[in-house]
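Everything on this sheet refers to the single structure shown next.
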Amino acid sequence: MHQQLAFPPPTSPAGPELPVHGEFAELSPESELCQRWRYRRHSWTPRSAGGFTAENYQVLAIEERVAKPYILAHHYSGTYPAAARRFGLFLDTGEGLDLVGVAVFGIPPSAAVLTNVFPDLEPYVQSLELSRFVLEGDAADPPLSGSGGRHTPPPRPGRAPGNAESWFLARCLEHLAAADVRGVVMFADPVPRQVGPRIVHPGHIGTIYQASNAVFTGRGTPRTLTLLPDGSILSDRAMQKVRKGEGEYVERRLVGLGARPPRAGARPADWLTDALNDLGAVRMRHRGCLRYAIATSRRNRRRVTIAGTAQPYPKRLAPAGGPRS
């Protein structure tokens with residue numbers, strides 16, 4: 001199996017045209033559950049369970065020093081995006097405000113991510129991407145190994161009950177509208193990722209966006225992703241940095257997963273190929289995340305143009321093949 005999925009040696013310093021080993025399977029979108037995260041482990045709370053009382057919560061703008069540690073600790077990706085605006089969902093405990101969720105509206109690498117959807121808005125100023133959206137999960141989930149004890153012990157369960165996310169998102173949009181951000185692009189990745197018995201990312205189809213009356217515009221750009229053994233993705237941009245000799249962070253990440261350290265004098269492209277084979281990394285086709293667009297206010301809905309034709313919300317996704325034999 002390792003030979004079938006191996007990466008060939010590079011034929012140039014820029015690296016080879018990497019093989020594709022299969023296509024990601026996608027989940028069924030029919031679910032009544034709300035996704036939660038705690039220490040990068042997911043849990044579920046049913047919408048029908050209720051328990052959310054808006055009077056007990058506040059949504060406030062927060063600083064990077066508050067948002068970033070929360071996202072790094074709890075979001076499945078373990079990464080933090082280039083952020084433009086950040087908001088926290090706070091629970092009033094009667095003794096103070098506790099942070100139980102964070103939304104990050106960020107700056108995508110390409111302005112086209114925004115202008116393809118909102119052609120008349122100034123990207124990064126009047127339009128942003130919802131880059132991270134995390135609500136606190138079940139307190140029974142243990143801290144992720146490597147958290148270093150920097151975070152408080154798990155709190156009581158149920159502090160972000162079902163339906164909290166739609167209210168949280170609505171309040172975030174109000175804050176954005178007040179700052180003249182008029183449109184937001186949102187993506188839902190329907191591809192589950194599993195490492196051994198543990199589900200790293202169960203996938204989602206954007207139920208919260210549908211509940212918020214966002215416009216479904218189809219799929220984002222299809223991509224081929226390099227999947228690492230911890231379930232994370234190594235981007236083509238990161239690999240290109242390694243090949244240019246600028247990927248020290250990526251080198252540390254791959255060595256930390258078990259790849260051999262670079263040898264003195266070795267070409268970076270050669271080492272990258274060896275590292276991917278050491279780890280058993282695979283390249284998988286991704287048919288594109290589900291893309292939604294939403295105006296930040298009723299007034300903006302009247303004056304903002306969303307490119308393309310609104311499509312029906314996805315209710316069932318076609319199956320895909322797994323790794324090729």
- Every residue from region 50-102 that is in contact (Cβ under 8 Å) with a residue 40 or more places away in the chain, under 19 Å from residue 163 (Cα atoms) and surrounded by fewer than 19 Cβ atoms within 10 Å (Cβ to Cβ): 50, 51, 54, 98
- Filter pass, residue 125 being part of a loop (DSSP other than H, G, I, E, B) and of a type in the set (A, V, I, L, M): yes
- Task: Within region 154-168, track down each residue that is modelled with pLDDT of 50 or more and assigned to a loop (DSSP other than H, G, I, E, B).
- Result: 158, 159, 160, 161, 162, 163
- Item | Selected residue (only one of 266, 259 is farther than 30 Å from residue 184 by Cα and modelled with pLDDT under 90) | 266
- Task: Could you tell me whether any residue of region 237-249 is within 25 Å of residue 134 (Cα to Cα), modelled with pLDDT of 90 or more and not in a strand (DSSP E or B)?
- Result: no
- With respect to residue 285, determine if the residue is in a strand (DSSP E or B), open to solvent by 70 Å² or more (accessible area, probe 1.4 Å) and in contact (Cβ under 8 Å) with a residue 24 or more places away in the chain. yes
- Item | The one condition in (1) open to solvent by less than 20 Å² (accessible area, probe 1.4 Å); (2) assigned to a loop (DSSP other than H, G, I, E, B) that residue 105 fails to fulfil | (2)
- Item | Options 177, 266; residue that is in a loop (DSSP other than H, G, I, E, B) and among the small types (Gly, Ala, Ser) | 266
- Note on the structure: Of the conditions (1) out of contact with any His (no Cβ under 6 Å at 6 or more places or on another chain); (2) at pLDDT 90 or above, the single one that residue 132 does not satisfy is (1)
- Kindly provide the set of residues from region 84-109 that are of a type in the set (Gly, Ala, Ser) and within 13 Å of the chain's Cα centre (by Cα), ordered by number. 103, 106
- Task: Would you be able to say whether some residue in region 258-280 is of a type in the set (S, T, N, Q) and open to solvent by 50 Å² or more (accessible area, probe 1.4 Å)?
- Result: no
- Task: Look through 281, 259, 269, 275 and report the one residue that is hydrophobic (A, V, I, L, M, F, W, C) and touching a Gly at 6+ places or on another chain (Cβ under 6 Å).
- Result: 269
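Residue-by-condition table, conditions (1) open to solvent by less than 10 Å² (accessible area, probe 1.4 Å); (2) modelled with pLDDT under 85; (3) touching a Lys or Arg at 6+ places or on another chain (Cβ under 8 Å):
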residue	(1), (2), (3)
152	no, yes, no
178	no, no, no
181	yes, no, yes
194	no, yes, no
213	no, no, no
- Considering only residues that are buried (at least 19 other Cβ atoms within 10 Å of the Cβ) and not aliphatic (A, V, I, L, M), look in region 108-128 and name the one that is farthest from residue 70 (Cα to Cα). 118
- Search result, residues across region 217-246 that are in contact with a Pro (Cβ under 7 Å, 6 or more places away or on another chain) and either crowded, with 19+ Cβ neighbours inside 10 Å or closer than 16 Å to residue 279 by Cβ (or both): 242, 243
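The values are calculated or read from the model by the stated rules, or taken from the named source; none is laboratory data. Keep in mind the model is a prediction, meaning the values are calculated, not measured. All Cβ positions, glycine included, derive from the backbone under ideal geometry; neighbour counts span all protein chains shown. Note: areas computed on protein heavy atoms with side chains; ligands, DNA, RNA excluded. Shrake-Rupley method; radii C 1.70, N 1.55, O 1.52, S 1.80 Å.
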